Amino acid sequence: MTFFGRLKKMMSFSSAQDVKEEGAGKIEPGEKVHGRPRVHVLATGGTIAGRQVSTGPRYRAGVLDVEALLGAVPALRGLADYSSEQMANIGSQDMDELLWLKIARRVNELLADPDVGGVVITHGTDTLEETACFLDLTVRDPKPVVLVGAVRPAGALGADGAVNLIDAVTVAANPGSVGRGVLVVMHGGLFEARDVTKVSSSSLLAFAAPNSGPLGQLVDERVYFGHRTGLSPKRPVFDVSRLDTLPPVGIVYGHAGATALPVKAMIEGGYRGIVSAGVGSGNLHRDVLAALADASGRGVAVVRASRVPSGLTLRNVEVDDNRYGFVAAGALNPQKARVLLQLALTRTRKPEEIQKVFDGY
Ligand code: GLU
């Protein structure tokens, strides 16, 4: 069935019969349910909770509250019992470490509850991949955690929020999703947190996993797992329950004619780590290389990643990582390398130890 066919089918769920069963699938937080999996929805904002506005910018993210969001999709009740909670209502360009820590703590708490089968997090798409990666590295429980967003706000022609929500709850309620790490669902695709990235700022097909491809797909409210990767037994998992903040880490973007200025500013600003979004296989302009070598010599952790959307940044290819004490990001893009470096720095400042953490993910 096509995207629009599914949309029509979902809209037809809002029939008189559904109205009669109003609230059948929804339960109050803490209420015990048996038989069906209970999915807890944490809402953080984004376009999925956005509305079109008539003046100024075309729409505002993070307007609808979680009740309105879920209430608009009656078909959810047919999939799972659910409870919900508003954690924030922001455009995800404003996502920060404090909110990450709060969400991680709440997710860990929820999953420890035997009555919760899985968690769905609604999120803006701009930084969704970073939150997914952060949670993948800070949630130990194997129960499903699924992030979902939308490209078009509610009310827009072809709005994708409802279908994406249905897909996310479908995945969170599916026993086959257990033990696969944090997952992302968008436009019928199922992705792993480590590899997924936003690849279009305008298309409905906004997400992809350039290195690994999708983990599966959703068709007619069913999830089909394409391949079994299994999580690396060496995957690092960080306990953030006692952290109030994370070490500051910045990203410097590589380009022709790059200068040392941003690196120097980060060193002066007291950054504990710098990720280079280098060119090609993570290469650096000679001036940037010199500045990063200096940073590394001063105890600032330096990770080389690449601005290229797919491929690996491996050690000692064109840059002598051993000599400069750099870490290579492997398959992680710069924004995810930053997440992992922030977490790694809560354990160690040694480049060789940090490299092991990167190699394990
Ligand atoms: N910039 C907003 C955000 O990331 C809207 C983008 C979206 O959700 O698609 O929350």
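Observations on the model:
One line per residue, one yes/no per condition, for (1) open to solvent by 30 Å² or more (accessible area, probe 1.4 Å); (2) more than 16 Å from the ligand (Cβ to nearest atom):
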| position | (1), (2) |
| --- | --- |
| 156 | no, no |
| 170 | no, yes |
| 173 | no, yes |
| 182 | no, yes |
| 190 | no, yes |
| 193 | no, yes |
| 196 | no, no |
| 205 | yes, no |
| 215 | no, yes |
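- The residue that is surrounded by the most Cβ atoms within 10 Å (Cβ to Cβ), among those in segment 111-137 that are of a type in the set (S, T, N, Q) and in a loop (DSSP other than H, G, I, E, B), is 125.
- Lone qualifier among 140, 152 - being basic (Lys, Arg) and farther than 20 Å from residue 47 by Cβ: 140
- Checking 116, 66 one by one, the residue that is within 16 Å of the ligand (Cβ to nearest atom), farther than 24 Å from residue 195 by Cα and touching a strand residue (DSSP E or B) at 6+ places or on another chain (Cβ under 9 Å) is 66 and no other.
- Of all residues in segment 127-154, those being near the ligand (Cβ under 9 Å from one of its atoms), under 12 Å from the mean Cα position of the chain (by Cα) and under 19 Å from residue 69 (Cα atoms) number 2.
- Considered as a group, the residues in segment 201-249 that are assigned to a loop (DSSP other than H, G, I, E, B) and of a type in the set (Lys, Arg) include one that is modelled with the highest pLDDT, and that residue is 242.
- Scanning segment 69-90 for residues that are in a loop (DSSP other than H, G, I, E, B), surrounded by 20 or more Cβ atoms within 10 Å (Cβ to Cβ) and of a type in the set (Gly, Ala, Ser) returns a single hit, 80.
The values are calculated or read from the model by the stated rules, or taken from the named source; none is laboratory data. Given the structure is predicted, the values throughout are model-derived calculations rather than measurements. Please note: Cβ atoms are built from the backbone with ideal geometry, for glycine as well, and neighbour counts cover all protein chains shown. Please note that ligands, DNA and RNA were not included when accessible areas were found on the heavy atoms of the full protein model with its side chains. Shrake-Rupley method; radii C 1.70, N 1.55, O 1.52, S 1.80 Å.
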